[in-house]
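Enquirer: Got a structure for you, questions after.
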């Protein structure tokens, strides 16, 4: 790859979790990898300390496409699915003769979770392959803390054996000594499977159904266990931020953030997008909102609400200016700069925001989306852009715009209620 071309590519890559696809000059995918820090990982391929195998790969790379996601685990699952689909030749040639690890859930009365290298025809359930065995081990260890499924190869029968250390440290529920019923153990296994399938909501419904049954039977001890399982399921979902596998694969194939980069000629893949909106009725209790999306999903830590302080009456333009001033008015506020700003509105709202961006000498692209015709306005272009109704880019912009609107309205209603109370 030529140095100039490489430099341009690296400038556009965010340092976020994600998957990268290396392509040859014909556009064919020849290698797929994942990383918690995309930019750092891809840079490492072009260092001076490369081994022979990476040198062979890099000499054939003409382009690199990246798919930012929100977590290591999403990257892990997306990577293994894309490897299965594309079958890149260097994912086979560069693995030192080893096979990729899989997660195996055995087909037994009390199933065991294992990390294996080979898929056998034994009616067990397999997930993978995964290319990062260290991360996979870490994920399984974390998961067993919340859902204590055994990981041993003991044959559990009518004659019970003594529990091992895993039971005492809380990572096994002790079926070998009859510490748990088969029915209760199955619930734990279902929770583990739901994680690897990304089917949190489906399993959550099951848990709530079981909880209701226990309460109706006055079995409050069992109900408490299920409540703990619900809490732990939410903890796992919160930590790993997984989409359902089908949604994740669809997102990966569309690669909407990469498409935004191409279509709108941005300088960087917009992994972090901030959306802004104003809410006021008759100019009273005016509020503004900021919502943040990372890797195509809402990032609640980046949400912020604003009570309009300096603007009176109905004046969306100056209200937008006020919240943008407050967003970027200090070094602390500017520690995290978005890759793209999305405004609910048209040309006027767009220009109002650009004025503040220029004031602070920030290099942030700004786009506005108008509700009436769902037209998109960009700087230095007189006429709006119309995307097809089925465009994934339009769907993402609408999701961000609608979330910003919801968040602003929520705060507006809160202020009105507080006023009525007073």
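The values are calculated or read from the model by the stated rules, or taken from the named source; none is laboratory data. Here the structure is a predicted model, which means the values were calculated and not measured. Positions of Cβ are generated from backbone atoms using ideal geometry, with glycine treated the same way; all protein chains shown enter the neighbour counts.
To keep it simple, each residue is scored yes or no on (1) under 23 Å from residue 348 (Cβ atoms); (2) modelled with pLDDT of 90 or more.
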position: 225; (1), (2): no, no
position: 238; (1), (2): no, no
position: 264; (1), (2): yes, yes
position: 271; (1), (2): no, yes
position: 279; (1), (2): yes, no
position: 283; (1), (2): yes, no
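Enquirer: A follow-up question, please. Output the residue which, of all residues in segment 326-351 that are modelled with pLDDT of 90 or more and in a helix (DSSP H, G or I), is surrounded by the fewest Cβ atoms within 10 Å (Cβ to Cβ).
Expert: Looking at the filtered set, the residue picked out is 348.
Enquirer: Hey, any hits in segment 391-399 for a residue that's without any contact (Cβ under 8 Å) to a residue 12 or more places away in the chain, assigned to a loop (DSSP other than H, G, I, E, B) and closer than 19 Å to residue 257 by Cα?
Expert: yes
Enquirer: Are any of the residues in segment 163-186 at pLDDT 80 or above, at negative phi and under 25 Å from the mean Cα position of the chain (by Cα)?
Expert: No, every residue in segment 163-186 fails to be at pLDDT 80 or above, at negative phi and under 25 Å from the mean Cα position of the chain (by Cα).
Enquirer: Looking at 323, 354, which one is surrounded by fewer than 22 Cβ atoms within 10 Å (Cβ to Cβ) and not in a loop (DSSP other than H, G, I, E, B)?
Expert: Of the residues listed, the single one that is surrounded by fewer than 22 Cβ atoms within 10 Å (Cβ to Cβ) and not in a loop (DSSP other than H, G, I, E, B) is 354.
Enquirer: With respect to the numbered conditions (1) part of a helix (DSSP H, G or I); (2) surrounded by fewer than 20 Cβ atoms within 10 Å (Cβ to Cβ), which one is the sole condition not fulfilled by residue 25?
Expert: Tallying (1) part of a helix (DSSP H, G or I); (2) surrounded by fewer than 20 Cβ atoms within 10 Å (Cβ to Cβ), residue 25 fails exactly one: (1).
Enquirer: Another one. Looking only at segment 14-30, decide whether some residue is free of Cβ contacts under 8 Å to residues at least 40 places away in the same chain and under 15 Å from residue 268 (Cα atoms).
Expert: Yes.
Enquirer: If a residue must be touching a strand residue (DSSP E or B) at 6+ places or on another chain (Cβ under 8 Å) and at pLDDT below 65, how many such residues does segment 89-109 contain?
Expert: 1
Enquirer: If a residue has to be over 20 Å from residue 266 (Cβ atoms) and either buried (at least 17 other Cβ atoms within 10 Å of the Cβ) or more than 25 Å from the chain's Cα centre (by Cα) (or both) to count, how many in segment 389-403 make the cut?
Expert: Within segment 389-403, residues that are over 20 Å from residue 266 (Cβ atoms) and either buried (at least 17 other Cβ atoms within 10 Å of the Cβ) or more than 25 Å from the chain's Cα centre (by Cα) (or both) number 1.
Enquirer: Hey, among 323, 356, which residue is assigned by TED's automatic domain parsing to the domain that holds residue 295, more than 26 Å from residue 255 (Cα to Cα) and over 29 Å from the mean Cα position of the chain (by Cα)?
Expert: The conditions single out 356.
Enquirer: If you don't mind, there's one more thing I want to ask. Just the residues that are touching a helix residue (DSSP H, G or I) at 6+ places or on another chain (Cβ under 7 Å) and part of a strand (DSSP E or B), please, taken from segment 281-306.
Expert: Of everything in segment 281-306, those that are touching a helix residue (DSSP H, G or I) at 6+ places or on another chain (Cβ under 7 Å) and part of a strand (DSSP E or B) turn out to be 285, 286, 287, 288, 289, 290, 291, 292, 293, 298, 305, 306.
Enquirer: Sticking with this structure for a sec: Counting only residues that are touching a helix residue (DSSP H, G or I) at 6+ places or on another chain (Cβ under 8 Å) and either buried (at least 17 other Cβ atoms within 10 Å of the Cβ) or closer than 30 Å to residue 299 by Cβ (or both), how many does segment 47-79 have?
Expert: 15
Enquirer: Then there is this: What's the number of the condition residue 377 fails, among (1) in contact (Cβ under 8 Å) with a residue 24 or more places away in the chain; (2) exposed (fewer than 13 other Cβ atoms within 10 Å of the Cβ)?
Expert: That leaves (2) as the condition not met.
Enquirer: Being in a loop (DSSP other than H, G, I, E, B) and surrounded by 15 or more Cβ atoms within 10 Å (Cβ to Cβ) is the filter here; which residues of segment 123-151 pass it?
Expert: Scanning segment 123-151 gives 124, 128, 129, 130, 131, 132, 147, 148, 149, 150, 151.
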